[in-house]
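First the structure, in the form of structure tokens, and then the observations on it.
None of the figures in this text is laboratory data; all of them are computed from the coordinates on show. Just so you know, these numbers come straight off a predicted model, no measurement behind them. Using ideal geometry, Cβ is built from the backbone for each residue, glycine included, and neighbour counts are taken over all protein chains shown.
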Amino acid sequence: MFWLFVSHSSKAQTKEFYLTLENHVFTPSELKVPADKKVKLIIFNKDMVAEEFDSFDLNREKVLFPKRKSTIFIGPLKPGNYEYFGEYHPNSARGVIVVEVKDAN
Amino acid sequence: MWSRLLAVMLLISSSAAIADGMVVDKVYHPYVLPNEQEFEWRLMSRQTDSNTLIGQRIAYGQSLSETVMVEGYLIGEKTKTEDFGLQAYEIEVRWMMTEQGEFWADWGMLFEVEKQHKQNDWEVTTGIIFEKEFGRTSLTMNLFGIYEWGETIQDEIEVEFRLKYRYRWMPQIQPAIEIYTGEDYIGLGPAFMGIQRFDGQKQLKWEAGFITEISNSGKDHSLRVALEYEF
């Protein structure tokens, strides 16, 4: 019963988007996602060391373990640019989520 | 729906026992990060017409997994008649039950055991932590059940409710409104929190709030300050 309450509105299919972290660089550095929809961001950290995804704009913080895929749920968001970075390599590990009105690919 | 939920929580909390301590403390967030360690210092000062109570806590915390954080506290208190000294110690476990943003809201649980330093008096707290994002604002609520027993206190069950509605303006300054209820106390006031990041996982978080008791006449103000260094 509690779980039904917790998982309310999560039944709708959440669209997945992918990022890769390699040599402390996020690819693609600019990722387009649709506005006003929750999306699932799957980040594959190919490096041998952990990174920490951090974004005040997105209100998310997540440890990306080495050689592992991590999932971050973001949104629903208004159109705009939302920056993020890796706490351990903030100069190279940076990117932006571009939230657009029309459905992004 | 929100107003009904809030009304029920306020009603439950305000029907609890007579005040014997500090209700204003901290509104907990449900999130845990793996590989995290922290030192924490909290100051709570409550001033009424007849008494001034100052409490301080120092703590060390460490995440045990991706979803569980444990923290140990030393608690000191000073009253109008007693000098500052070690009052109690506490162990706290926070459990992040859901992944942030996955469901309609984010949920966590808190478990605490506290023992008075010089008396064989105990307190167990457990409860639910809730957070929901609304654009650039976040609503955080805690509902705790507390059971006290021991040699020098009466067995007592209390319910406390805490609420923070925060505007994520900029990392360093995030203004908020906080509500605390429990032990015949209803308090409300402005607060803010902030964060400054350093290298790697190192970051300093600060929180402060000035809460005024609103259900009784007479002076009853609480100031709370908290600093957390995470590494």
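The alpha-carbon atoms of segment B:2-230 define a convex hull whose volume equals 124 cubic angstrom per residue. Annotation: the antiparallel percentage among DSSP beta bridges lying fully within the protein assembly as shown is about 90.
Over chain B, DSSP H runs of length four or greater, each weighted -39,500 (n - 2.57), average out per residue to a 222 nm ellipticity of -2000 deg cm²/dmol. Legend: residue pairs A:62/B:118; A:102/B:26; B:118/B:164; B:26/B:219; A:69/A:102; A:15/B:202, Cα-Cα distance threshold 30 Å; pairs beyond threshold, A:62/B:118; A:102/B:26; B:118/B:164; A:15/B:202. With each label modelled as a point 7 angstrom along the Cα→C-beta vector, the residue B:154-residue B:198 pair spans 4.9 nm. Highest average first, the peptides B:53-62, B:173-182, B:75-84 ordered by how many other beta carbon atoms sit within 10 Å of their residues are B:173-182, B:53-62, B:75-84.
Computed per residue of chain A from DSSP H runs no shorter than four, each worth -39500 (n - 2.57), the mean residue ellipticity at 222 nm is -1000 deg cm²/dmol.
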